[in-house]
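Below is one structure, written out as structure tokens; the observations come after it.
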Amino acid sequence: MFEEFKKRGFFQQCTHSEELAKKLKEDRICCYVGFDPTADSLHVGHLIPLMGLAHMQRAGHKIIALMGGGTAMIGDPSGKTEMRKMLTEEQLQSNIEGMLPQFERFLDFSGDAILINNVEWLRNLNYIDFLRDIGRHFSVNRMLSFETYKIRLESGLSFLEFNYQLLQAYDFLELNRRYGCSLQMGGDDQWANIISGTDLIRRVERKDAYGWTYPLLTASSGKKMGKTEKGALWLDPKRTSAYEYYQYWVNTEDDDVEKFLALFTFLPMKEIRELGKLQGADIREAKKRLAFETTKLIHGEENSLQAQQSAQALFSGNSGEGSGDKSNVPSTTITAASLSAGPGIFEIFHETGLCKSKGEARRLQSQGGVYVNDERIDDPDFCLGEADLRDGEILLRAGKKRYHRLIKES
């Protein structure tokens, strides 16, 4: 697993690397990743830790997905320039329930996988005992040396948030005591929190404990991953459709295709290397394989296939003729009365979500990016009408790749 993780790009840094490599090779271990339920859905930023846990379970190790129902009531200051929004215990529990179906797409909880909420042991902690038993093992000077706290000291760090690192370390200790968990994994922004946990276990329990971090998710261009025109790329099908999810991955930059195949699919590395060798127009086939495999993981094979067919229908060059299955393409229903009123092109691009505002739509048109039924619209006064209907719908396009169907109400 140690070498496999490195090959696939899941490695940034770890503690006690030689010890851990030997242990992973010789023993079956228990590891965990923590997830803060600050929303009712996971997003693409959670994919690396999810895939990491899935690989560990497939390799025969015991895994724990730890829900931070307790720590999220405080908020992790890591990577944040201001204090997080406070959520109630009820909101956090509701979010956990919303995220569970997405976890089950990756992890088999009928096998050696556990999903547990840290509110179970944090909610009723005795503060005096916690300070005496746990707090005495932490050096304030050392904590302030971590980049997490250095950044926040400039903008203001609350005492509430300052406790977060102690609580996350205590989580690791508790999981070690309950389940023999000896490895915590997470994004590289969690390094300070993770090594605090390994140190605490080694001091208190006199047992081996290890930390492992993944690289933070970025595209080769330096852009932040997981952002779409509508915002975050969610794993909940109600928030991000299979078609939208497929389109996100099929539009991956050429330089990222092999890396993302290794990180976000279970394809063998030999096959991934072959796909990564494709150049020029052929790289499109590798992108389609990436999009299909990643969408299948979240939405299932049937929905992934439908999304692929919808994309092929749009990009076949005759989408304006209504050929192919476009049922998965985002759509909006328009009444006959609304269509007869002749809605303006900027208004309709804004209302369908193709543009965030009419002003953005106007700028898009000035760049030659506004299309109706695959015909470029340069007239700022253009209005839609019955004459634009093709088989009861109008196909809108923003730029080269973002489509939206406007369907006349029957």
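Summary table
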quantity	calculated
Within segment 296-319, considering residues that are in contact with a helix residue (DSSP H, G or I) (Cβ under 7 Å, 6 or more places away or on another chain) and over 27 Å from PHE266 (Cα atoms), the one modelled with the lowest pLDDT	SER319
LEU125 being part of a loop (DSSP other than H, G, I, E, B), out of contact with any strand residue (DSSP E or B) (no Cβ under 8 Å at 6 or more places or on another chain) and either modelled with pLDDT under 90 or within 15 Å of ALA169 (Cα to Cα) (or both)	yes
Complete set of residues in segment 362-396 that are touching a residue at least 40 places away in the same chain (Cβ under 8 Å), of a type in the set (D, E, K, R) and part of a strand (DSSP E or B)	GLU375, ARG390, GLU393
Of all residues making up segment 249-268, the number that are over 18 Å from PHE10 (Cα atoms) and either without any contact (Cβ under 8 Å) to a residue 60 or more places away in the chain or of a type in the set (A, V, I, L, M, F, W, C) (or both)	5
Any chance THR240 is buried (at least 17 other Cβ atoms within 10 Å of the Cβ) and either of a type in the set (A, V, I, L, M) or not assigned by TED's automatic domain parsing to the domain that holds PRO49 (or both)	yes
Of all residues in segment 156-175 being part of a helix (DSSP H, G or I) and among the polar types (S, T, N, Q), the one that is farthest from GLY186 (Cα to Cα)	GLN165
Whichever residue in segment 256-293 is within 20 Å of LEU50 (Cβ to Cβ) and among the small types (Gly, Ala, Ser) and, among such residues, is surrounded by the most Cβ atoms within 10 Å (Cβ to Cβ)	ALA291
Residue in segment 342-356 that is nearest to TYR403 (Cα to Cα), counting only those that are at pLDDT 85 or above and not in a helix (DSSP H, G or I)	LEU354
Extreme residue, nearest to GLY197 (Cα to Cα), among residues of segment 15-69 that are within 23 Å of the chain's Cα centre (by Cα) and among the β-branched types (Val, Ile, Thr)	VAL33
Listing of helices (runs of 4 or more DSSP H) fully contained in segment 223-308 that carry 2 or more residues being closer than 21 Å to GLU104 by Cα and either of a type in the set (A, V, I, L, M, F, W, C) or within 14 Å of the chain's Cα centre (by Cα) (or both)	242-250, 257-264, 283-299
Options GLY280, GLY368, GLY276, GLY359: the member that is at pLDDT 85 or above, farther than 27 Å from THR240 by Cα and not assigned by TED's automatic domain parsing to the domain that holds LEU233	GLY368
Unique match (being touching a helix residue (DSSP H, G or I) at 6+ places or on another chain (Cβ under 8 Å), aromatic (Phe, Trp, Tyr) and farther than 19 Å from ASP108 by Cα) among PHE35, PHE11	PHE11
Criterion (assigned to a strand (DSSP E or B), among the aliphatic types (A, V, I, L, M) and under 17 Å from GLY68 (Cα atoms)) met by exactly one of ILE116, ILE96	ILE116
Close pairs from segment 95-116: first closer than 19 Å to ARG58 by Cα, partner among the small types (Gly, Ala, Ser) and exposed (fewer than 14 other Cβ atoms within 10 Å of the Cβ), Cβ under 9 Å, at least 6 apart	ASP112/GLY60
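The values are calculated or read from the model by the stated rules, or taken from the named source; none is laboratory data. Predicted model only: the values in this text are computed from it and were never measured. Quick reminder, even Gly has a Cβ in these numbers, built from the backbone with ideal geometry, and neighbours come from all protein chains shown.
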